[in-house]
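Derivation of every value follows stated rules applied to the coordinates shown; laboratory data play no part. None of these values were measured; they are calculated from a predicted model. Virtual Cβ from ideal backbone geometry, glycine too; neighbours counted across all protein chains shown.
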Amino acid sequence: MKKKIDTIIIGAGIAGLGVAAILSREAHQKVLVIDRFPKSGGRMMSYDGYPAKGWRIEIGLHMIELGEKSSCDALNRRVGKTVSWGPFSDTVDIWNGEKFVSVADLVPMSREDKVAFRNLVQKIATLKDHEIEAWDNRSLEEWLAEHVEQPPVRELFTDLGMIMTTIPRAIDMAAGEVLYIARDNLLKTQQVLQASFPLDGMEGVTRGLAEVVRDAGGEIRLNCDVQEVVIKDGRAIGVRIPTGRHPYEEEYRIPETETIHADRVVCALPIYQLQKLLDFNSDTSPLPRWWRKRITDIQHEVTGLIGFMLGLSEPVVDPAKKCFFSALKTRHAGFPFQGFPASNFTDHVAPPGKQLLHTDIVVEHEEASDKFKRERLLALLWEDLKDMFPGIEGKMEWRLPYYVDGCDGLARQPGLVGNFKPGLKAPGIPNLYFAGDTYLGRGLAINSAALSGMNCADLILAELKKNK
Ligand SMILES: Cc1cc2nc3c(=O)[nH]c(=O)nc-3n(C[C@H](O)[C@H](O)[C@H](O)COP(=O)(O)OP(=O)(O)OC[C@H]3O[C@@H](n4cnc5c(N)ncnc54)[C@H](O)[C@@H]3O)c2cc1C
């Protein structure tokens, strides 16, 4: 007889695969991971041999804070897998409107300012959790006003906060999250912010987790768009998935479905996709009104990206430079900019002598969700790139535009970070859980998703132990 499924996990991103790998390995659970995409990895999918032989791209610009010291590395280590990392970036170069300068050169500082900055960094490294949490609902601008006297030190720390949060103004950045990220980096690397690139690309970070699931007899079912989490008498009893194929386009079809049963369900997909799976109707929903309202209210408090992946016949950035580029606001597009030459961190992403450049501007839901706005912004970003990297047009072998609406969890604004994020358990439904970058979890995007996956698995493990 086939063993019944213990846990169904919807979503094969790093959070879902993380929950599944831990439950398979540490509790010998039979898990079923379901994803609507044809491959696993979620937003961390890599495309080898694309758009031409010798190149390997990600969905868009991707770099991982803290590399070998990150939560996503800890998740892999926990289930016995190793991720290979490239070097940390040496510098963050900021565009000042005319040229790239180092963060330190962007803000001129006196000797006293430099001493004050060192003191500030030391202070942050020793902050206690409760001191950070107290600032989750307040802005970095207020924190700096209370703790730092020197304007240049405030400005420099705001620039660093912008790189962490991709939010240009300190009044909009959640102080708690910036302080947490800075403290984590300082304690692990003695730097305020460090990032690296996995040698096997983003897919290299999730591949091992999928292997653990399969080796333990679990299943990862792809190309399967879950229609609903089935809830009966206050418990999740399984999920409804489509049966067979359907001739109509997505827009027209109402698929025939079947229910797969399990002891518990984990929704490892972002909050803005929950309404496709859970009943939010006020007359019929088994979930409380306050929770549904909170999810609906904040679901579009996310950032988006609009950018280009660029394959260059020869480098526009010195190949020896391990750098990350940033701008508070570009001249043409008028949004914060990020970029980095991925091929400077690993040989595996571009043919010898060529360069792969990841670029994007960080926008909000409003721009990312509107086709016409994003096409206009893309054209303006190209003008910015021509200013920033002279000669880029002549060296372009291929150019892939992309966008994403909901790039990396909830916006890191006051009231949307730390304990203000939605919890890992559905209120009133004891066997329905959540994991991913929009739920409880700290750190930058991928790390926050990995941490929330580990925390969700620990919650389930603790409950299994209690009920034994
Ligand atoms: C272009 C881009 C650039 C980024 N850059 C960075 C970066 O530089 N650094 C960083 O730390 N983070 C970055 N991020 C964010 C990072 O990739 C995410 O934070 C992280 O991958 C989220 O993982 P997750 O498991 O929470 O969600 P996801 O990876 O989104 O996984 C959710 C999964 O659920 C599946 N799903 C949804 N609905 C259904 C359904 N009905 N049925 C079945 N399956 C379903 C989806 O297909 C998806 O695979 C970037 C993201 C993007 C898109």
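Peptides 9-16, 26-33, 242-249, 179-186 ranked from most to least packed, by the mean per-residue count of other Cβ atoms within 10 Å: 9-16, 179-186, 26-33, 242-249.
The residue among VAL302, PRO151, VAL79 whose Cα reaches farthest toward the positive pole of the charge dipole of the chain, with charges on the beta-carbon of Lys, Arg, Asp and Glu, is VAL79. Ordered by the count of other Cβ atoms within 10 Å of each Cβ, fewest first, PHE345, PHE197, PHE117 give PHE117, PHE345, PHE197.
Length gained on full extension, GLU375 to ASP387, computed as 0.36 nm times the residue gap minus the Cα-Cα distance: 2.4 nm. Within the chain, DSSP assigns beta bridges of which about 75% are antiparallel (rounded to the nearest 5).
Among 424-433, 285-294, 160-169, 350-359, how do they line up by average Cβ neighbours within 10 Å per residue, starting with the highest? Please list the in-between numbers first.
Details: 424-433: 18.4, 285-294: 14.2, 160-169: 21.9, 350-359: 19.9.
In decreasing order of mean packing, 424-433, 285-294, 160-169, 350-359 become 160-169, 350-359, 424-433, 285-294.
Could you tell me which of the pairs LYS188/LYS465; LYS329/LYS395; LYS322/LYS373 are separated by over 29 angstrom between their Cα atoms in the structure shown?
From LYS188/LYS465; LYS329/LYS395; LYS322/LYS373, over 29 Å: LYS188/LYS465; LYS322/LYS373.
So how do LEU380, LEU385 line up by other beta-carbon neighbours within 10 Å, fewest first? Walk me through the numbers on the way to the answer.
Working: LEU380 17, LEU385 24.
Listing LEU380, LEU385 from fewest to most nearby Cβ atoms yields LEU380, LEU385.
Legend: Rg and Dmax of the chain, from Cα coordinates, 22.5, 75 Å. Computed about its Cα centre, the charge dipole of the range 1-57 is approximately 180 debye, with only Lys, Arg, Asp and Glu carrying charge at their Cβ.
For the range 91-193, how big is the tail of P(r) above 25 Å, as a whole percent of Cα pairs?
Working: 676 of 5253 pairs.
Here the tail beyond 25 Å accounts for 13 percent of pairs.
Phi angles across the range 34-48 convert, under the Karplus curve 6.51 cos²θ - 1.76 cosθ + 1.60 with θ = phi - 60°, into 3J(HN,Hα) values of 10, 9, 7, 7, x, 9, 7, x, x, 6, 10, 9, 10, 10, 7 Hz, Gly and Pro given as x. Computed from point charges on the beta carbon alone (+1 for Lys and Arg, -1 for Asp and Glu), the dipole magnitude for the chain about its Cα centre is near 1500 Debye. If R0 is 22 Å, the Cβ-Cβ spacing of ARG240 and THR284 corresponds to a FRET efficiency of close to 0.90. Neighbour counts of other Cβ atoms within 10 Å put HIS261, HIS62, HIS147, HIS130 in the fewest-to-most order HIS130, HIS261, HIS147, HIS62.
Here is the link list: LYS123/LYS386; LYS128/LYS293; LYS276/LYS421. Which ones come out longer than 30 Å on Cα distance?
Values: LYS123/LYS386 41 Å; LYS128/LYS293 32 Å; LYS276/LYS421 20 Å.
Beyond 30 Å: LYS123/LYS386; LYS128/LYS293.
Here ARG253 and LYS465 are evaluated by their C-beta separation; at R0 = 60 Å the FRET efficiency comes out at 0.90.
Taking Cα centre as origin and charging only the Cβ of basic (Lys, Arg, +1) and acidic (Asp, Glu, -1) residues, the dipole magnitude of the range 91-193 rounds to 340 debye. For the range 330-344, putting each phi into the Karplus relation 6.51 cos²θ - 1.76 cosθ + 1.60 with θ = phi - 60° gives couplings of 7, 5, 8, 6, x, 10, x, 10, 9, x, 6, x, 4, 5, 7 Hz, in residue order, rounded to whole numbers and with x for Gly and Pro.
For SER139, nonlocal amide neighbours, meaning residues 5 or more places apart or on other chains whose placed amide H falls under 5 Å from its own, are ALA175.
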